[in-house]
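Comments concern the structure below.
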There are 2 protein chains.
Amino acid sequence: MSDGRKRILIVGGVAGGASCAARARRLCERCEIVIFDRGPYVSFANCGLPYYVGDVIEEEEALLVATPERFRDRFDIQVHTETEVTRIDRGAREIEVRDLRSGETRREAYDALVLSPGAEAVRPPLPGIDLPGVFVLRTIPDSRRIREAVQGASRALVVGGGFIGLEMTENLVRRGLDVTVVELAEQLLPPLDPEMASPVAARLREHAVSLRLRQSLESLEERPDGGLLARTSSGESIETDIAILAIGVRPLAALAREAGLELGSRGGIRVDEQMRTSDPDIWAVGDAVEVRDVVTGSMQLVPLAGPANRQGRIAAATILGRGGAEAEPRERSAARFRGVQATAICGVFDLTIAITGASEKSLQRAGIERYAKVYLHPGSHVGYYPGASPIHMKLLFSSEDGRILGAQAVGEAGVARRIDVIAMALQMGGTVFDLEEAELCYAPQFGAAKDPVNVAGMIAANIVRGDLSLARWEELEIVKPLLLDVRDPAEVKKGQLSEAVHIPLSELRRRHEELPRDREIWIYCAEGQRSYYANRFLTQKGYRVRNLPGGYKTYRQFRPKSR
Amino acid sequence: MSDGRKRILIVGGVAGGASCAARARRLCERCEIVIFDRGPYVSFANCGLPYYVGDVIEEEEALLVATPERFRDRFDIQVHTETEVTRIDRGAREIEVRDLRSGETRREAYDALVLSPGAEAVRPPLPGIDLPGVFVLRTIPDSRRIREAVQGASRALVVGGGFIGLEMTENLVRRGLDVTVVELAEQLLPPLDPEMASPVAARLREHAVSLRLRQSLESLEERPDGGLLARTSSGESIETDIAILAIGVRPLAALAREAGLELGSRGGIRVDEQMRTSDPDIWAVGDAVEVRDVVTGSMQLVPLAGPANRQGRIAAATILGRGGAEAEPRERSAARFRGVQATAICGVFDLTIAITGASEKSLQRAGIERYAKVYLHPGSHVGYYPGASPIHMKLLFSSEDGRILGAQAVGEAGVARRIDVIAMALQMGGTVFDLEEAELCYAPQFGAAKDPVNVAGMIAANIVRGDLSLARWEELEIVKPLLLDVRDPAEVKKGQLSEAVHIPLSELRRRHEELPRDREIWIYCAEGQRSYYANRFLTQKGYRVRNLPGGYKTYRQFRPKSR
């Protein structure tokens, strides 16, 4: 390994780039390591920006994870901020950089080049998109501008109901603004399945946020008396003082493209498992690269901090000769990116929403048909200990062998924990049988002897083993089965599905003859437990039954208002 | 499978027994299923009893998970409470039962018998142990008696500083009592390693709890003016109004033993992976059986609710012909108990303590020598978002291949989540490299781009890969190495190890020549991150260095007061 005097240049000093630089130094004291960043800061906490706008984080300095001085003093790494890399000369192994303050350009030679340019917020070319009062949020200066604008504002329009859009919404409400969210999809949080996002919409409405789903922004104009007028695709006009564009991000791949590096079909830089681009001396990491989804196998753009950091470490290890094909397994794992499962979480108005692995939508997009799903609504801890709150969960798994494909959860407590456990199991190639057997923390204030993760695994295992057959809520209107409601009378009074036959579980053994034997019966209760008991009984009695997963609570997620 | 009319008798209707009964009914509608319980209740929430004493749970009924009526109505299961099973006639496949109210005895025939007798609280044969005012806590009537006694009491003695003892301590303090805890070991929470339990002792002292470690109760006597006088092994006398014995539990194996069933070396009933005893028609589940520790391979008594429930399900499945040797894998997992990793959690005065897998003590007891350990002290979420609190973590892993052996954590937030993730990884046979790569939930209020689990994996992976060599705090006084403190001056002022050389990390590159090359240097900082950077630098410069894991914060766990 002749890396003694390697010169490693890194384009972009946030997340992946910064991790790469620090890891490279730990592996090689004699290398020269230089970071270039277009912006005024490196290694800042971009995930914290919405909370800086909301004044939850009060000091801008708190967002600076590391400064150029720290890189210099701790790591002997040079950082050039406000310096743009304008061209890669692959033949000469040089880059052209421009000092944005002086305007001067110079060339810098590299042995290894790492591209970590990140992504930029999408700004659609709409009339008025560049008006004052229209913002995106990607950088500390962006957040500073929004903070200033918020001071004189009383209304905000958030365009895009994804993770960042909702975090901005919460923080703008926190600052006292009336907020309207416009989202093109029929649901908030498009990475989730619609029924899992519906409690989020309800929560936003409870906090007086106006939602405009299935609408896009068409134009913005300045109003004579100040403020903006936004027009949406449905013809509606919305008055606002500021508009935040949170439509999504686009990889900053121009530098790579102009250098002739291969891009993927989604416009991100193509890399191999060692984060190497099509040029053997150039690596790329972070939001600008395409990564493999470990569940569906498809290539995706997944702009998340965790994967970016890991990619940076892997690029550094590879550059410094770790983990080649002949290396030991422990070394190879240091220099191989396994892909992403896109674990993500969002908190909004005390509600937590999290996902790992594939959604049902993404399975369908990927053409994966042999999957099954369960819904459940366990408490965050046992009901007999005060303070539990429900977690609405959805688990997706292979209907053939029970392999975990993905999970989503929404609730006020314990959501991150359950999704993290399932994320770990998914990573390890786990099945629903593994979830069933998981031995997790239990004391009354922390969970249940059958943790929500266990229960999800048990229900799913019943399906894979053939002990339980599920119907689909989506087919309720199509199939028009006989519906059997096995809840108690008091529950039925609060709402039920029309035309359901009602026999409480405790009366089923003596009343089951009331049911027809020539028709498929779809059973439901409040959450799915009693209907499971009913299912086992009726199946053994020879009835043709299927269960509506997750019971009436799931129905309410599919039909948030009323039927 | 001729289980059509099987008669399944279950001895003990809490946790394992109740789960077994319900599962058996779901699998077999035509079986006759009967539960016998000595006590007045079945299926009650024994984990909630300390909180009922503490009035956190206000209503006794909340503790009743299921009643005999519910078993009858929902499951067609007969429950006989206050009915003791006094003898098993294996030859006749009958049991002898006594109705404790009428005193009458009768015989009941079985096709399959399931023993779920549980365990009883240990009451050592000490003078005064049966005095009024001396209690154990295993049942609802126990808790009722303690609640009554608490009313007139101002002082309590808790004998035993394990999980139940500490939960009782917290709840008695909550009720306004002055509490003294007597514990035979040198530490609280004996399943944990001592340095991981030390923050718990500190927290108890902050709440004015008196601790008597390395002491046992010798005797109790009534004081003339009322109340009790306890004498301990150190000769101390402690005045108290009530005493709670929380010394541990002992399996209720007498019925099995008298029937000639095989017991294990720890006095529990011996069972196979299908929970079958040495008699092919008798199964046993729950606190009374010995189970295999999946990490050390040793047989243990692990009285926990989660495993008991799973065992009950497995016994039912086996009885009803599921999962034989020729079954499909999905069926086998339904009828095979994989052993325990003894995941456990305890909350006391807003501090959470959790463990999964082996402790260092249990590895040593099992003769497992090729392990390594790391300590870390990450925040429960990123530092730039308000409200994070530290989690003190210890990860144990194979120093040969990185396989996870166990983990412990203590902190105010996020503890259960991290231990659960590691528990899942351990269950799947995961390594520290898997933890390093885990893709977990991250938003600023929920974690970090490098989650504590990732960081634990990264540090451990550095060790297994040979990038970092650790020293042991336990050997500090023996080896007497040169100590290098790389913290900043302000931190050093607040306390440091005596005779440490102090060179802040940021000055190390220009000052390293001050260090000797002929002596081993042990580096530390506050938590271990900066010392890792220093280690990588000094190693590459040719110094002989090792790091003190987890830095000064770990030192404080080993030496809780001062050096």
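The values are calculated or read from the model by the stated rules, or taken from the named source; none is laboratory data. Here the structure is a predicted model, which means the values were calculated and not measured. Quick reminder, even Gly has a Cβ in these numbers, built from the backbone with ideal geometry, and neighbours come from all protein chains shown.
Residues to consider are B:ALA443, B:ALA448; find the one that is over 16 Å from the mean Cα position of the chain (by Cα) and without any contact (Cβ under 8 Å) to a residue 40 or more places away in the chain. It would help to see each step written out before you state the result.
Values: B:ALA448 fails: without any contact (Cβ under 8 Å) to a residue 40 or more places away in the chain.
Exactly one of B:ALA443, B:ALA448 is over 16 Å from the mean Cα position of the chain (by Cα) and without any contact (Cβ under 8 Å) to a residue 40 or more places away in the chain, namely B:ALA443.
Could you list, in sequence order, the residues of the range B:492-514 that are touching a residue at least 40 places away in the same chain (Cβ under 8 Å) and surrounded by 11 or more Cβ atoms within 10 Å (Cβ to Cβ)?
Once the filter is applied, which keeps residues that are touching a residue at least 40 places away in the same chain (Cβ under 8 Å) and surrounded by 11 or more Cβ atoms within 10 Å (Cβ to Cβ), the range B:492-514 yields B:GLY495, B:GLN496, B:LEU497.
For the range A:448-474, which positions are farther than 22 Å from A:VAL545 by Cβ and either at the interface with another protein chain (Cβ under 10 Å from one of its Cβ atoms) or small (Gly, Ala, Ser) (or both)?
From the range A:448-474, those farther than 22 Å from A:VAL545 by Cβ are A:448-454, A:457; that's our starting set.
Those that are farther than 22 Å from A:VAL545 by Cβ and either at the interface with another protein chain (Cβ under 10 Å from one of its Cβ atoms) or small (Gly, Ala, Ser) (or both): A:ALA448, A:ALA449, A:LYS450, A:ASP451, A:VAL453, A:ASN454, A:GLY457.
Does the range B:395-405 contain any residue that is within 7 Å of chain A (Cβ to nearest Cβ) and crowded, with 24+ Cβ neighbours inside 10 Å?
Residues of the range B:395-405 within 7 Å of chain A (Cβ to nearest Cβ): B:402.
If we keep only those that are crowded, with 24+ Cβ neighbours inside 10 Å as well, we get B:402.
The answer is yes; a qualifying residue exists.
Using the structure shown, decide if B:GLU69 is out of contact with any His (no Cβ under 8 Å at 6 or more places or on another chain), touching a residue at least 24 places away in the same chain (Cβ under 8 Å), within 14 Å of chain A (Cβ to nearest Cβ) and over 18 Å from A:ALA449 (Cα atoms).
Working: out of contact with any His (no Cβ under 8 Å at 6 or more places or on another chain): yes; touching a residue at least 24 places away in the same chain (Cβ under 8 Å): no; within 14 Å of chain A (Cβ to nearest Cβ): yes; over 18 Å from A:ALA449 (Cα atoms): yes.
Considered against the rule, which asks whether it is out of contact with any His (no Cβ under 8 Å at 6 or more places or on another chain), touching a residue at least 24 places away in the same chain (Cβ under 8 Å), within 14 Å of chain A (Cβ to nearest Cβ) and over 18 Å from A:ALA449 (Cα atoms), B:GLU69 comes out as no.
Please enumerate the residues belonging to the range B:422-446 that are within 7 Å of chain A (Cβ to nearest Cβ) and either over 29 Å from A:LEU63 (Cβ atoms) or in contact with a Leu (Cβ under 7 Å, 6 or more places away or on another chain) (or both).
B:ALA423, B:MET424, B:ALA425, B:GLN427, B:MET428, B:GLY430, B:PHE433, B:ASP434
State which residue is surrounded by the fewest Cβ atoms within 10 Å (Cβ to Cβ) when the search covers only the range B:348-369 and only residues that are within 12 Å of another protein chain (Cβ to nearest Cβ) and of a type in the set (Ser, Thr, Tyr).
Per the stated criteria, the residue is B:THR352.
Looking for whichever is within 12 Å of chain B (Cβ to nearest Cβ) and farther than 25 Å from A:LEU9 by Cβ here; the options are A:ILE345, A:ILE314. Which one fits?
Details: A:ILE314 fails: farther than 25 Å from A:LEU9 by Cβ.
It is A:ILE345.
Scan (1) among the aliphatic types (A, V, I, L, M); (2) part of a helix (DSSP H, G or I); (3) more than 9 Å from chain B (Cβ to nearest Cβ); (4) surrounded by fewer than 23 Cβ atoms within 10 Å (Cβ to Cβ) for the single condition A:ALA24 breaks and write down its number.
Here A:ALA24 clears every test but (4).
Given B:LEU137, B:LEU229, which one is at negative phi and either crowded, with 20+ Cβ neighbours inside 10 Å or in contact (Cβ under 8 Å) with a residue 12 or more places away in the chain (or both)?
That would be B:LEU137, the only listed residue that is at negative phi and either crowded, with 20+ Cβ neighbours inside 10 Å or in contact (Cβ under 8 Å) with a residue 12 or more places away in the chain (or both).
Is it the case that some residue within the range B:324-337 is among the hydroxyl-bearing types (Ser, Thr, Tyr) and surrounded by fewer than 19 Cβ atoms within 10 Å (Cβ to Cβ)?
From the range B:324-337, those among the hydroxyl-bearing types (Ser, Thr, Tyr) are B:333; that's our starting set.
Next cut, surrounded by fewer than 19 Cβ atoms within 10 Å (Cβ to Cβ) only: none.
No, the range B:324-337 contains no residue that is among the hydroxyl-bearing types (Ser, Thr, Tyr) and surrounded by fewer than 19 Cβ atoms within 10 Å (Cβ to Cβ).
What about B:ARG276, is it under 18 Å from B:GLY324 (Cβ atoms) and within 14 Å of chain A (Cβ to nearest Cβ)? Spell out the reasoning first.
Values: under 18 Å from B:GLY324 (Cβ atoms): yes; within 14 Å of chain A (Cβ to nearest Cβ): no.
When the stated conditions are applied, B:ARG276 does not pass them.
Can you tell me which of B:GLU499, B:GLU477 is in a helix (DSSP H, G or I) and away from every other protein chain (no Cβ under 14 Å)?
It is B:GLU477.
Here are some residues: B:GLY12, B:GLY39. Which one is over 24 Å from A:ARG530 (Cα atoms) and either at pLDDT 95 or above or in contact with a Pro (Cβ under 8 Å, 6 or more places away or on another chain) (or both)?
B:GLY39
Residue-by-condition table, conditions (1) within 30 Å of B:ARG276 (Cβ to Cβ); (2) more than 25 Å from the chain's Cα centre (by Cα); (3) away from chain A (no Cβ under 14 Å):
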| residue | (1), (2), (3) |
| --- | --- |
| B:ALA109 | yes, yes, yes |
| B:ALA121 | yes, no, yes |
| B:ARG138 | yes, no, yes |
| B:ARG147 | no, yes, yes |
| B:VAL158 | no, no, yes |
| B:GLY162 | no, no, no |
| B:LEU172 | no, no, yes |
| B:THR180 | no, no, yes |
| B:LEU189 | no, no, no |
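Can you tell me how many residues in the range A:276-323 are acidic (Asp, Glu) and assigned to a loop (DSSP other than H, G, I, E, B)?
Summing the residues that are acidic (Asp, Glu) and assigned to a loop (DSSP other than H, G, I, E, B) in the range A:276-323 gives 3.
Can you confirm whether the range B:78-86 contains a residue that is within 14 Å of another protein chain (Cβ to nearest Cβ), surrounded by fewer than 24 Cβ atoms within 10 Å (Cβ to Cβ) and either touching a Pro at 6+ places or on another chain (Cβ under 9 Å) or not in a loop (DSSP other than H, G, I, E, B) (or both)?
Yes, because at least one residue in the range B:78-86 is within 14 Å of another protein chain (Cβ to nearest Cβ), surrounded by fewer than 24 Cβ atoms within 10 Å (Cβ to Cβ) and either touching a Pro at 6+ places or on another chain (Cβ under 9 Å) or not in a loop (DSSP other than H, G, I, E, B) (or both).
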